[in-house]
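Chemist: Can you keep this structure in mind? I'll have questions shortly.
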Amino acid sequence: MVPVFSLNTNPGIISNSNTELTTELYIKPTHSGVSLNYFSRHPRHVLINTAKNHYRRAQRLSSSPEAKSRSFMKIDELLTANNFPGHVIDGVKREVNLSSQSPSKPRSTGSYLSLPFVNDNILSLCKKAARTCGIEEVTIISKPGASLKRMFTSTPFSPPKCPRNCSVCKTADNVSCSARLVVYQLSCSICEATYIGQTARPLYKRISEHLSAVKSKEDDLTISTHFGEHHFDVPIGDRNFSCIILDKCVDYRCMMITEAILI
C-alpha cells in the first residue's frame, strides 16, 4: 500500500489487491489533525459545509464501498477531534450520501445580499424578513467579522535595525523605514519647503523613488521639480531632504483621508 498524491492534489492511497487497483483517502501521520472547530465563531452553514467537503473529498478518492467506509472513518475521527457532535456528523454523512445519488441543483442566478455575521439567530431573522417581503430571489450571505489577526498586531520590544542602511534611517530619527500605510513629510535640506505624501508600501521604497528622481532630475515628482526650479545651482550630491512620519493609519481609506487633512 503506497501513499500518493492524486492529480487533483488530494492525498490518496493506491493499493494493489487481487490484480485490481483501489484508492482511498490518505492522511499523513504528521497531519496536525486541526480543522475548523465546531465552537468557532462561524455561521452554522460554514461549519456544515466544511464537514461536507471533507466527506465529499473522501468519497471522491474512494474506489469501492469498503474504501469509502475506511475513508469516512478517518473523517469521523478528524471532525470528532474538532468538537463536532455525533448527530451533526451523522447528518452530514447522510446528506453527502443522498446528494451523490441525486442530480445537482442548478445554481441560483438571483441577486446576493452580503451582511456581517453576528450570530445564527440574527442571520435566520434576516432570511425570514426577506421571505416575508417577497424577495426570495435574493440570497442572503454572511461575511465574517473582524478576526484576531486584524484586531491584534505584533509589537516588537525595540525597533528592528535596518539591514539596508537606507536613506530613511540616515535622515530620520525614531522612524521605521519598513512602516506601511503612513503619511509622511519631507523637508528640504536647503530651504524650509515641505512636502506631504502617503504610501501603502514600505516607506523606504517610496523615499528611494524620491531620491532617485532628485538625482536623475526627473520632472514627474514634486520633490525633483522643487530642486530643479529653486535649487538648480546646487550640486546634485548636496540635494537632500529629511523625513518624518506624520501618522500611521489602519487602512488605505484612513491614509488617504489623513493625507488630505494634513495637506
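Chemist: Take the residues in region 227-239 that are in contact with a Lys or Arg (Cβ under 7 Å, 6 or more places away or on another chain) and at pLDDT 75 or above, then tell me which one is surrounded by the most Cβ atoms within 10 Å (Cβ to Cβ).
Modeler: Filtering region 227-239 for residues that are in contact with a Lys or Arg (Cβ under 7 Å, 6 or more places away or on another chain) and at pLDDT 75 or above, the one surrounded by the most Cβ atoms within 10 Å (Cβ to Cβ) comes out as Phe227.
Chemist: Across region 35-76, what is the number of residues that are of a type in the set (A, V, I, L, M) and surrounded by fewer than 19 Cβ atoms within 10 Å (Cβ to Cβ)? Explain how you work it out, then say what you get.
Modeler: First, the residues of region 35-76 that are of a type in the set (A, V, I, L, M): 36, 46-48, 51, 58, 61, 67, 73, 75.
Now drop any that are not surrounded by fewer than 19 Cβ atoms within 10 Å (Cβ to Cβ), which leaves 36, 46, 48, 73.
The qualifying residues number 4.
Chemist: Looking at the structure I just gave you, is Ser224 touching a His at 6+ places or on another chain (Cβ under 9 Å), at pLDDT below 85 and either in a helix (DSSP H, G or I) or surrounded by fewer than 18 Cβ atoms within 10 Å (Cβ to Cβ) (or both)?
Modeler: The answer is yes for Ser224.
Chemist: Which pairs do you get when a residue that is more than 12 Å from Pro144 (Cβ to Cβ), found in region 116-128, comes within reach of a residue that is open to solvent by 60 Å² or more (accessible area, probe 1.4 Å), reach meaning Cβ atoms under 7 angstrom, with the pair 6+ apart or on two chains?
Modeler: Between residues of region 116-128 that are more than 12 Å from Pro144 (Cβ to Cβ) and residues that are open to solvent by 60 Å² or more (accessible area, probe 1.4 Å), the close pairs are Asp120/Arg44.
Chemist: Does Ser104 satisfy the criteria of being surrounded by 11 or more Cβ atoms within 10 Å (Cβ to Cβ), modelled with pLDDT under 80 and within 30 Å of Pro65 (Cβ to Cβ)?
Modeler: Against the criterion (surrounded by 11 or more Cβ atoms within 10 Å (Cβ to Cβ), modelled with pLDDT under 80 and within 30 Å of Pro65 (Cβ to Cβ)), Ser104 does not qualify.
Chemist: Let me ask something else about it. Given the criteria modelled with pLDDT of 70 or more, surrounded by 16 or more Cβ atoms within 10 Å (Cβ to Cβ), of a type in the set (S, T, N, Q) and over 20 Å from Ile263 (Cα atoms), does Ser242 qualify? Give the derivation first.
Modeler: Details: modelled with pLDDT of 70 or more: yes; surrounded by 16 or more Cβ atoms within 10 Å (Cβ to Cβ): yes; of a type in the set (S, T, N, Q): yes; over 20 Å from Ile263 (Cα atoms): no.
Here the answer is no, as Ser242 does not meet what is asked.
Chemist: I'm checking my understanding of the structure. Among residues of region 15-34 that are open to solvent by 40 Å² or more (accessible area, probe 1.4 Å), part of a strand (DSSP E or B) and modelled with pLDDT of 60 or more, which one is nearest to Ser114 (Cα to Cα)?
Modeler: If we take residues in region 15-34 being open to solvent by 40 Å² or more (accessible area, probe 1.4 Å), part of a strand (DSSP E or B) and modelled with pLDDT of 60 or more, then Thr23 is nearest to Ser114 (Cα to Cα).
The values are calculated or read from the model by the stated rules, or taken from the named source; none is laboratory data. It should be emphasised that the depicted structure is a prediction, and the values quoted were computed from it without experimental measurement. Cβ coordinates were reconstructed from backbone atoms using ideal geometry, including for glycine residues, and neighbour counts include every protein chain displayed. Accessible surface areas use protein heavy atoms only, side chains included; no ligands, DNA or RNA. Shrake-Rupley method; radii C 1.70, N 1.55, O 1.52, S 1.80 Å.
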